[in-house]
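Participant: There's a structure below that I have some questions on.
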Amino acid sequence: MTTPRPHDNPFVNYLDLQFDEEDVDHVVCRLPVTDAVRNRTGQVHAGAFIAMADMMASILARQGIEVGPKGEGFPLAIDVHAGRKAVRIFSRR
């Protein structure tokens with residue numbers, strides 16, 4: 001029997017999201033760049049970035065961070081570098 005991954009669900013598993021750090025203030029997650037997340041031009045599909053950001057935001061929301069009705073209190077930043085094997089999206093209060 002396999003040990004369940006943190007935040008185990010079929011879509012997270014398909015994207016192979018790797019959660020490196022997690023606390024009430026931030027989540028560090030890696031998205032391995034594979035053919036599964038590339039678009040027809042070979043670039044990482046924007047939907048993969050958004051799915052990763054959504055998962056990270058959900059993790060933070062479940063950890064007691066207050067999110068206002070219009071999403072205030074929850075800014076996301078995306079840090080992408082050419083030539084890296086993975087992308088990193090991080091959230092800060």
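Participant: Say each of ASN13 and THR41 gets a label point 7 Å from the Cα, pointing the same way as Cα to Cβ; how far apart are those two points in nm?
Facilitator: So the two model labels end up 3.3 nm from each other.
Participant: Ordering PHE19, PHE11 from largest to smallest accessible area (1.4 angstrom probe), what's the sequence? Don't skip to the end; give the middle numbers.
Facilitator: Working: PHE19 40, PHE11 115 Å².
These residues rank, largest area first, as PHE11, PHE19.
Participant: Label points 7 Å out from Cα along the Cβ direction at ASP25 and ILE50: separation in nm?
Facilitator: Modelled inter-label distance: 3.1 nm.
Participant: Kindly report, to the nearest 10 Å², the accessible surface of ASP20 as traced by a 1.4 Å probe over protein heavy atoms only.
Facilitator: 80
The values are calculated or read from the model by the stated rules, or taken from the named source; none is laboratory data. Model, not experiment: these values are computed from the prediction. When we count neighbours, we look across all protein chains shown, and the Cβ atoms used for this are built from the backbone with ideal geometry, even at glycine. Surface areas here come from the heavy atoms of the whole protein model, side chains and all, with no ligands, DNA or RNA. Shrake-Rupley method; radii C 1.70, N 1.55, O 1.52, S 1.80 Å.
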